[in-house]
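In what follows, a single structure is set out as structure tokens and then discussed.
Please treat every number below as a calculation from the coordinates, not as lab data. Computed from a predicted model, the values in this text were never measured in an experiment. All Cβ positions, even for glycine, are placed from backbone atoms using ideal geometry, and neighbour counts span all protein chains on display.
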């Protein structure tokens, strides 16, 4: 049994607490939040606190707050030599105050409170300063997920950037697709099977092999037709830049 | 029973023939290809031809060839007053020769021969010049798919552009994610659950509600860190442009 406490009440903390709650190998001892009322927990054994001095010794203290608050929060912890980890993709392990043993427990997924998630399929990227601490974090990660990876701070930064491309930017392309549908009195639903299939394709094909479309075919006629069709300046610019990038990639092969 | 013939041997023809073959309501009479050997059919009742003069009268002749060949192929058909449709997202109905009754049968999906597809979930966009012909195409579409839509040529053009954003461009973002992983000695697999979840999220949330990430949060510190991390010029440009577009969208709300 791994005893953990979680600091934070945002999306990441919310989904982590749900996953820990469903695991028989983890005991959540405390949840710290600036406002107790922002914590949703249905487990009466979990103590919700908003006073730093009440924080207890546990196996792992997880800081799940916004990136710019991590360093500050790690200083506020009134304990020493505890294993304290953050959950951020873009903050170095060294940002944590070194009065405690430091680590990272980064779940690589997009979390929205409104959408339930299957934590078993969320890759968890672990970093620690000692083999013993790595072991503790790996046990904790495996208790909620099937996919755990040893990822150092530099690699984690790379992953975080890659995640922005495949998740945040991809979702923005969905939004543009949705806007084009609305402007033309079409339901966005009509694009959803295509969106699902595009994501599912790369489970078995490389993105390179899965690439289709006018840019891939260097079909200048269709590309020009599309550019003439688009009126929003940002859509036009994105179309041009991504088309150029696909064509340039083709040249390298 | 709807009798159809298919002209073409590319990805679209390949998957259409498979779907028709699996339907009890459709009979594929002929497949025309410039090279007979390029047609994969396991049904001995289907006649594969490469001579225009052998083309028979059927309920629907489907031209599934590249966009720039559609007009030419429609001229070559040595028949009159037949219902002849193409399968393209970006070619107008009027591109078809008017010696025959014209229509469009556009399956909105990304097709690769190497990847099987569940045609029941492929939206089929139909256009015809008369209500009777629309009816025939709708019966045909419903025999292989659960989702059929009446879509005029202007709307189809819009859909085709939207599809480039949500499919072709999205896949290119996957490719960039994959490249960043490779450069940093990480398996691309680590990003796949995130890619799947990003696509699945918009089944229940609007893309606007599903948006997460540094641009959405206007987290300039992380954005600058990412830009400093990226070395490939095209990746940097794409990062900047899409980040700007997400931030500008946020301002509009």
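Structure notes:
- Of all residues making up region B:117-137, the number that are within 11 Å of another protein chain (Cβ to nearest Cβ) and touching a helix residue (DSSP H, G or I) at 6+ places or on another chain (Cβ under 8 Å): 8
- Scanning region B:102-115 for residues that are within 13 Å of chain A (Cβ to nearest Cβ) and touching a residue at least 12 places away in the same chain (Cβ under 8 Å) turns up B:106, B:107, B:108, B:109, B:110, B:111, B:112, B:113.
- For region A:146-186, the set of residues classified as touching a helix residue (DSSP H, G or I) at 6+ places or on another chain (Cβ under 8 Å), without any contact (Cβ under 8 Å) to a residue 40 or more places away in the chain, more than 8 Å from chain B (Cβ to nearest Cβ) and farther than 25 Å from residue A:237 by Cβ consists of A:146, A:148, A:150, listed by residue number.
- The residues of region A:241-253 that are surrounded by fewer than 17 Cβ atoms within 10 Å (Cβ to Cβ) and more than 18 Å from residue A:170 (Cα to Cα), listed by number, are A:247, A:248, A:250, A:251, A:252, A:253.
- When residues in region A:71-80 are screened for being away from every other protein chain (no Cβ under 14 Å) and surrounded by 13 or more Cβ atoms within 10 Å (Cβ to Cβ), 5 of them pass.
- Total residues in region A:214-240 satisfying the condition of being under 14 Å from residue B:89 (Cα atoms) and either surrounded by 14 or more Cβ atoms within 10 Å (Cβ to Cβ) or more than 9 Å from chain B (Cβ to nearest Cβ) (or both): the figure is 7.
- Top-ranked residue of region A:187-201 - restricted to ones that are more than 14 Å from residue B:145 (Cβ to Cβ) and more than 7 Å from every other protein chain (Cβ to nearest Cβ), ranked as surrounded by the fewest Cβ atoms within 10 Å (Cβ to Cβ): A:187
- Identity of the residue in region B:49-70, touching a helix residue (DSSP H, G or I) at 6+ places or on another chain (Cβ under 7 Å) and surrounded by fewer than 17 Cβ atoms within 10 Å (Cβ to Cβ), that ends up nearest to residue B:108 (Cα to Cα): B:68
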